Amino acid sequence: VSAAPSVCRAPGKGNSFTLGTPTKAVADVDDESDADLEDEQPFSTTLGNAIAFDGRYWVTAIDYRQNESHAVVAQIEQSVDRGTVIDLGRVYGDAEPPRIATRSDDVLVVVPDSDAGGRTLKIGRLAPGRDRGRVEWFDSVLQGVDDSPVFSLTASKKTAMVAWDEIDSSTHRGVVRFRPI
């Protein structure tokens, strides 16, 4: 029996694509020369999920830049040496990263956001073909106000569904809601 060839590469070998702006870690900041840490964001990108589709890799994240959080999707070439970052818009609060899935030829995204009224899950798709860098929003779900920001997106060739948890106002119990999209 022969072993399958490894497709993994040792760290530091091969091509790479950077999502977000590399920043100086707080531990690397000299207290005397860099007393103002306001511009230092050691964890400036929060990774979401990733998929392989249409000969590319797609990776979601929350990207903190210029004192704002933005939901983004990186569309990365198979060679991993170049890509495009698609800005899905500014998000507020402690937003979870977007989720991404494919349904047939659609690339679907769900972006969580929040305001004083609670959390909203914005649902959209990336435009097909050459316009793939543009998002078309077509639905939203009010997730409500509770302590859990958890949500999920899944899809198959013909169907897609978003799921989230919330507190049912009539029973005051936690429930999981589902919605086809």
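The values are calculated or read from the model by the stated rules, or taken from the named source; none is laboratory data. If you're wondering where the values come from, they're calculated on a predicted model, not measured in any experiment. We place every Cβ from the backbone using ideal geometry, glycine too, and count neighbours over all the protein chains shown. Just so you know, the surface numbers come from the protein's heavy atoms only, side chains and all, with ligands and any DNA or RNA stripped out. Shrake-Rupley method; radii C 1.70, N 1.55, O 1.52, S 1.80 Å.
Values for this structure:
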| read-out | value |
| --- | --- |
| Conditions (1) in contact with a Lys or Arg (Cβ under 8 Å, 6 or more places away or on another chain); (2) free of Cβ contacts under 8 Å to residues at least 24 places away in the same chain; (3) basic (Lys, Arg): number failed by ARG90 | (1) |
| Region 67-102 - residue that is of a type in the set (D, E, K, R) and surrounded by 18 or more Cβ atoms within 10 Å (Cβ to Cβ) and, of those, farthest from the chain's Cα centre (by Cα) | GLU96 |
| So SER152, is it open to solvent by 50 Å² or more (accessible area, probe 1.4 Å), touching a residue at least 40 places away in the same chain (Cβ under 8 Å), among the hydroxyl-bearing types (Ser, Thr, Tyr) and in contact with a strand residue (DSSP E or B) (Cβ under 6 Å, 6 or more places away or on another chain) | yes |
| Residues of region 51-66 that turn out to be in contact (Cβ under 8 Å) with a residue 12 or more places away in the chain, among the hydrophobic types (A, V, I, L, M, F, W, C) and open to solvent by 10 Å² or more (accessible area, probe 1.4 Å), as a count | 4 |
| Flag if THR21 is touching an Asp or Glu at 6+ places or on another chain (Cβ under 9 Å) and at pLDDT 80 or above | no |
| Tally of residues being surrounded by fewer than 17 Cβ atoms within 10 Å (Cβ to Cβ) and touching a strand residue (DSSP E or B) at 6+ places or on another chain (Cβ under 8 Å) across region 121-135 | 4 |
| Top-ranked residue of region 155-181 - restricted to ones that are of a type in the set (Asp, Glu) and open to solvent by less than 40 Å² (accessible area, probe 1.4 Å), ranked as farthest from VAL107 (Cα to Cα) | ASP168 |
| Criterion (within 19 Å of VAL141 (Cβ to Cβ) and touching a Phe, Trp or Tyr at 6+ places or on another chain (Cβ under 6 Å)) met by exactly one of SER44, SER114 | SER114 |
| Residues being of a type outside the set (Asp, Glu) and at pLDDT 80 or above - total across region 124-147 | 11 |
